[in-house]
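A short worksheet on the structure shown next.
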Amino acid sequence: MALEHSGEETKTIKTQILVAGAGSTGVAAALAFARAGLKVTLAGRFPPPLPGRTVALFEASLRFLEAIGALARVREKACPIEAIRMIDDTAQLLPTPDLLLKSSEIGLPALGINISNDELVAILLEIARERQAFEIVEADIADYVFDGDGAVALLADGRRIEADFVVAADGRQSRARAVAGIDTREWTYPQVALTMLLSHEEPHDNISTEFHTRSGPFTLVPLQGREGAPHRSSLVWLMSVADASRRLAKPREELEFELEDRAHGKFGAMKIEGGIGQFRMGGMKVSTHATGRVALVGETCHVFPPIGAQGLNLSLRDVADLEDCLASVDLSNPHELGHALARYDRHRRADIGFRTLGVDLLNRSLIVPQLPVDLLRGAGFVIMTALGPLRRAMIREGVSPHLLLPRLMQERAPREGGARRRRSA
Ligand SMILES: Cc1cc2nc3c(=O)[nH]c(=O)nc-3n(C[C@H](O)[C@H](O)[C@H](O)COP(=O)(O)OP(=O)(O)OC[C@H]3O[C@@H](n4cnc5c(N)ncnc54)[C@H](O)[C@@H]3O)c2cc1C
C-alpha cells in the first residue's frame with residue numbers, strides 16, 4: 001500500500017480495492033472492505049461541512065456500524081429515535097388520524113438514531129486513522145482507465161492508483177461512473193429542502209415528527225441535547241423554490257416564529273442553531289450498478305428526496321451487499337467477478353427501485369392536490385392506524401428491509417477475529 005520508491009513508480013500506489021470518494025458511504029465502504037481482509041485505499045476530496053444536515057440511521061444500518069466497530073462511538077453523539085409520528089397537514093377533505101410507528105411494536109428499544117452528518121463522517125475517519133485500516137489519499141481523482149485486468153485512477157496531483165477493483169462512492173456527479181460508461185436517468189422535483197438544527201422549549205420524547213404538507217414533509221428529528229439546550233431537533237423542510245428564497249431572506253426571528261407555527265406549537269418556541277442548508281430536490285437512477293472493474297455505491301447510483309430517511313440507509317446496504325457479493329471472489333478472474341457483479345446489480349435494482357418508487361409516490365401524492373390522490377393517501381393512514389399487523393410490517397420494512405440482508409447487517413455483534421478468508425485477489 002505504501003508508495004513505490006523508484007523512478008516513475010514513486011507516484012504509484014498499488015492496492016486491491018480503491019474506494020473513490022470520502023463521503024459517509026465511501027468511508028464506511030473502506031472500513032467494511034478493510035475489515036474483510038482486503039488491501040484498501042480510500043481516495044477523495046474531503047466533504048465540506050453540511051449545514052444543519054443530520055442522518056437518521058435505522059436498525060440494519062446500526063448493525064452495519066456495529067460490524068465495522070463504529071456503533072459505540074456513533075451512539076455517544078446520537079439521539080435514539082423511539083417512534084415516528086406522521087401527521088397529515090394537507091387540510092384534505094378526509095379527516096386523517098395521526099400515524100404513530102413505535103419501536104416497541106416490533107420489540108426494539110429504538111427504530112434507529114439521528115446524528116449530524118459531519119460528526120458521522122468524522123467518527124468513521126477517526127476510527128480508520130486509529131486502526132490504520134487502510135491508506136487515505138486526500139486528493140481528487142481526475143480520471144480513470146479501466147481494462148480487463150484492473151483500473152488506474154489518475155489523481156489531480158499527478159499520482160496514480162492501480163487497483164484490482166474500484167468501489168465508486170464519488171457522489172451524484174461520479175467521474176468513475178461516467179468513465180465506466182454507465183448511463184443515468186435524472187429528474188427534478190419543484191422543491192428545495194431547507195435543513196437546520198433547532199433548540200426548542202418542549203421535549204421531543206425521542207419521537208420523530210413528520211408534518212405532511214402540500215409543499216412536502218416538514219420533519220423534526222430528535223437530536224441529542226447539549227448544555228443550555230436540552231431539547232434539540234434537526235429539521236428537513238421541503239418547499240417550493242420560491243418559498244425557499246423568501247424564507248431564507250427573512251430575519252431569523254421571523255423564521256423562528258414561522259417554524260413554531262408550522263409545528264403547531266408542539267415544541268414551544270424554537271431557536272435556529274448555526275447555518276441553514278439548502279438542497280435542490282431531484283432523483284436519479286442508473287442503467288447498471290456494476291460493470292467490468294467498478295461497482296457503484298451510495299449517491300453514485302441513487303438519488304431521491306429525503307422522505308423516510310432512506311438515502312444513507314440504502315447506501316450502507318449497497319456497501320454491505322457488495323462486500324457480500326465479492327466475498328470469496330478471485331478478483332483476478334473476470335468470469336468469477338462478472339458473476340458476482342451481476343448478482344450485485346440484481347439485488348440493488350430491486351432494493352433501490354422499490355425505495356425510489358416509494359419516495360417518489362409519497363412525495364408526488366403530497367404536492368399534487370387532487371382529490372382521488374388525497375383520498376388514497378388518507379385511506380392509507382386510516383388502514384395503517386387500524387391494522388396492527390400491517391403497521392408492524394411497515395415499521396419492519398422501514399428499519400430492516402424484507403430482502404435477505406447482507407451478512408454485515410445480520411449480526412448484532414462484530415465477529416471475532418475480523419478478517420474473513422479469501423481466495424487470492
Ligand atoms: C436534506 C437531506 C437529508 C437527508 N437525511 C437523511 C437521513 O436522515 N437518513 C439517510 O439515510 N439519508 C439521508 N439523506 C441522504 C444522505 O445524506 C445521502 O445519501 C448521503 O449523504 C450520500 O453520501 P455519499 O457518500 O453517497 O455521497 P456524498 O456525500 O456526495 O459523497 C461523495 C464524496 O465524493 C467526493 N468526490 C466527488 N468527486 C470526486 C472526485 N472526482 N475525486 C475524489 N472525490 C470525489 C466528494 O467530495 C464527496 O466527499 C439526506 C439527504 C438530504 C439531501
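Run the dipole for the stretch 271-352 about the Cα centre, Lys and Arg Cβ at +1, Asp and Glu Cβ at -1, nothing else charged, and hand back the magnitude in debye, nearest 20. Write out the running numbers ahead of the final one.
Details: 9 positive and 10 negative charges, 77 e Å.
Approximately 360 debye in magnitude.
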Original post:
Hey, got the Cα dimensions of the stretch 94-226 along the principal axes, in Å, largest first?
Top reply: 60, 40, 30
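In nm², what is the average projected area of the convex hull enclosing the Cα atoms of the chain?
It is 21.1 nm².
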Original post:
What's the center-to-center distance, using Cα atoms, between the stretch 335-371 and the stretch 178-241 in Å?
Top reply: 21
Original post:
Could you state the number of Å between the C-alpha centres of the stretch 113-130 and the stretch 259-307?
Top reply: 18
Original post:
If only Cα atoms are counted, what is the Rg of the stretch 237-330, and what is its Dmax, in Å?
Top reply: 19.7, 61
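Given the C-alpha atoms of the stretch 156-208, compute the convex hull and give its volume per residue in Å³. The partial results should precede the final answer.
Numbers: hull volume 12.4 nm³, N = 53.
Here the figure is 234 Å³ per residue.
Using the per-residue mean of other Cβ atoms lying within 10 Å as a proxy for protection, in what order, highest first, do the peptides 245-252, 151-158, 284-291 fall? Write out the running numbers ahead of the final one.
Numbers: 245-252: 11.4, 151-158: 16.1, 284-291: 20.0.
So the peptides 245-252, 151-158, 284-291, ranked by packing, come out 284-291, 151-158, 245-252.
Report the per residue volume, in Å³, of the convex hull enclosing the C-alpha atoms of the stretch 199-291. Display every interim value, and only then the final one.
Working: hull volume 14.3 nm³, N = 93.
Once divided by residue count, the hull of the stretch 199-291 is 153 Å³.
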Original post:
How far apart, in nm, are the 7 Å Cα→Cβ label points at Asp205 and Asn333?
Top reply: 5.7
Original post:
Hey, what number do you get for the chain at 222 nm if only DSSP H runs of n ≥ 4 count, each worth -39500 (n - 2.57), divided across all residues, to the nearest 500?
Top reply: -11000 deg cm²/dmol
Subject >> Pair-distance profile P(r), taking every C-alpha pair of the stretch 41-125, with 10 angstrom steps and integer % >> reply: 15, 36, 28, 15, 6, 0
Original post:
Modelled label-to-label distance, Glu186 and Val382, 7 Å Cα→beta-carbon offset: nm?
Top reply: 4.2
**OP:** Using only the Cα atoms of the stretch 143-302, build the gyration tensor, take square roots of its eigenvalues as a ≥ b ≥ c, and label the shape rounded, prolate or oblate: rounded if a/c is under 1.5, else prolate if a/b is larger than b/c, else oblate.
**Re:** prolate
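With the radius of gyration and the Kirkwood radius both derived from the Cα set of the stretch 283-346, what is their ratio Rg to Rh? Display every interim value, and only then the final one.
Numbers: Rg = 12.7 Å, Rh = 12.4 Å.
Reported Rg/Rh, Kirkwood definition of Rh: 1.02.
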**OP:** Quick one: accessible surface of Ile307, probe radius 1.4 Å, all protein chains present, in square angstrom to the nearest 10.
**Re:** 10
**OP:** May I ask you to evaluate 6.51 cos²θ - 1.76 cosθ + 1.60, the Karplus curve with θ = phi - 60°, for each residue of the stretch 36-48 and list the ³J(HN,Hα) values in order in whole Hz, giving x for glycine and proline?
**Re:** 7, x, 8, 7, 10, 10, 9, 10, x, 8, 6, x, x
Original post:
Under a Cβ-Cβ cut-off of 15 Å, what is the net charge of the residues other than Phe146 that fall near it, where Lys and Arg count +1 and Asp and Glu count -1?
Top reply: -2
Original post:
If you build a Gaussian network model of the chain, linking Cα atoms that sit under 10 Å apart, which residue out of Asp261, Asp89, Asp345 swings the most?
Top reply: Asp261
Original post:
Given the pairs Lys14/Lys77; Lys77/Lys102; Lys102/Lys271, which are separated by over 24 angstrom at their Cα positions?
Top reply: Lys14/Lys77; Lys102/Lys271
Subject >> Value of Rg/Rh across the stretch 313-388 [Cα atoms, Kirkwood radius] >> reply: 1.25
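The values are calculated or read from the model by the stated rules, or taken from the named source; none is laboratory data. Keep in mind that this is a model prediction, so the values were computed, not measured. All Cβ positions, glycine included, derive from the backbone under ideal geometry; neighbour counts span all protein chains shown. What goes into the accessible areas is simple: the full protein's heavy atoms, side chains included, and nothing from ligands, DNA or RNA. Shrake-Rupley method; radii C 1.70, N 1.55, O 1.52, S 1.80 Å.
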